[in-house]
Amino acid sequence: GLFVWRLRNAGVRQIPYRFVHLYHIANNRLITFQYFNFLKRMYVTQYNKDLSQQAKPKSNSIVSPFHELQRLDQEKKVVHKISPVSPVHQSWSEMSSRNELRDMKSAAETEDSVIPAGAGSKEDRQWKEMKLRLDDLPGILARLSKIKLTALVVSTASAGFAMAPVPFELTCFLLASLGTGLASCAANSINQFFEVPFDSNMNRTKNRPLVRGQISPLLAVCFAASCGVPGIALLTLGVNPLTGALGAFNIFLYTCCYTPLKRMSIANTWVGAVVGAIPPIMGWTAATGSLDAGALLLGGILYSWQFPHFNALSWGLREDYSRGGYCMMSVTHPGLCRRVALRHCLALIGLSTVAPVLNITTWTFPVISLPINLYISYLGFRFYRDADRSSSRKLFFCSLWHLPMLLLVMFTCKKSVLEKEDKGDLPGRSRERATEIRLP
């Protein structure tokens, strides 16, 4: 009995050790998931060779059509040696090989040259150093200076010069237009120089020359200096000091105030509107040499026009502006963006009515300009009510033809110089010019 009792106690004590030993043995003999995948791949490659990937021989860079057709025939023979499978359950390798053979046949039939078709595309996709060529430099500098925006600035300055109540002087007009264009090129180049890291995050600006590295920042700064210094000197010495001071102030306002404010506050839109309102004032001062009520009226029209134009444009670019880190009304204050656009559309009607009161145009100008002002106001109301991309796009495209149409109607309804001279409304310098022209 004692012997049986001792064996029982010893067996009970060894039970935990036996469990641990069995666990280690089972753990060593278990098949893991990685080992199972390895066995499956070995089975596929050894017992089912139809499912294995077939390496396609690399073709030479330049081969003759005769050798190309021979290689196609050889591949065709190799494909016919593959064991057939049931038509219902076709393997992926056979389907892909048939598609490749069909593509190769069509390529061999339509090939006209000895160079493979994919050689050029592969070279285009390779990383390569971007070199600046002299043939591409004019186009790059045109995009750096935002040539379309510069053309708009020069056209508004020309409109201000044409609306001035003085006889037209071609030399002064050309000097003022050239100086204004050079100043605009300088301001736009400096603006792109400061905004390279932010423009790279936006789809609209990611292909600008400085972002893509087509030119160096030093070349951009040198180009801006070579445009800004002669432009301001031309406006100051060739036209008058007042116009030169306005041009220098506009460059400072655009580069040092508007550009950094775009990432700080929505006040950048109002500052940018002032920048766009100065060119017609420069055209007026270039013709008259003084800052009159007519210059301020033209500046007010350009100031109000920019809000429906830019707010409608920025509404469709909200994702881009948000990605680039710009603080725009359309991103942070969408309701205010629509209200401001509608408000300044209506302001254009009032500014057009003030023009004959200031003796700049006849009373036919408010009447003739009323339909186009009402139409842009209607689109501004639609944009305010609907707040979608369709209404913003219609308002933006309307603003593109509204401004030249309004300035053209304003020019046709302008009061003649002789009428103002008879009434004594001309300023001193303008009266002297008119008298000089009328003298024999």
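The values are calculated or read from the model by the stated rules, or taken from the named source; none is laboratory data. What you see is a predicted model; the values in this text were computed from it and never measured. Glycine gets a Cβ as well: all are built from the backbone with ideal geometry, and neighbour counts include every protein chain shown. Calculation scope for accessible area: heavy atoms of the full protein, side chains included, ligands and nucleic acids excluded. Shrake-Rupley method; radii C 1.70, N 1.55, O 1.52, S 1.80 Å.
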*Have a look at K414, K394, K420 and point out the one that is surrounded by 14 or more Cβ atoms within 10 Å (Cβ to Cβ), within 26 Å of L152 (Cα to Cα) and at pLDDT below 90.*
K414
*Any idea which residue in the range 274-314 is nearest to T361 (Cα to Cα), counting only those that are outside any helix (DSSP H, G or I) and not hydroxyl-bearing (S, T, Y)?*
D292
*From L313, L296, L317, which residue is outside the structural domain of N203 (by the TED database), open to solvent by 10 Å² or more (accessible area, probe 1.4 Å) and more than 26 Å from the chain's Cα centre (by Cα)?*
L296
*Which of the residues that make up the range 379-391 are in a helix (DSSP H, G or I) and either loosely packed, with under 14 Cβ neighbours inside 10 Å or charged (D, E, K, R) (or both)?*
R382, R385, D386, R389, S390
*Can you tell me which of C337, C327 is assigned to a helix (DSSP H, G or I), open to solvent by less than 50 Å² (accessible area, probe 1.4 Å) and assigned by the TED database to the domain that holds S390?*
C337
*Any idea which of T353, T288, T361 is under 13 Å from M410 (Cβ atoms) and either buried (at least 21 other Cβ atoms within 10 Å of the Cβ) or assigned by the TED database to the domain that holds P167 (or both)?*
T361
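Return the only residue of N201, N250 being in a loop (DSSP other than H, G, I, E, B) and either outside the structural domain of G299 (by the TED database) or surrounded by fewer than 18 Cβ atoms within 10 Å (Cβ to Cβ) (or both).
N201
Table: residues versus (1) in contact (Cβ under 8 Å) with a residue 60 or more places away in the chain; (2) within 20 Å of R385 (Cα to Cα); (3) out of contact with any helix residue (DSSP H, G or I) (no Cβ under 8 Å at 6 or more places or on another chain).
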site: R338; (1), (2), (3): no, yes, no
site: P356; (1), (2), (3): no, no, no
site: T364; (1), (2), (3): no, no, yes
site: L370; (1), (2), (3): no, no, no
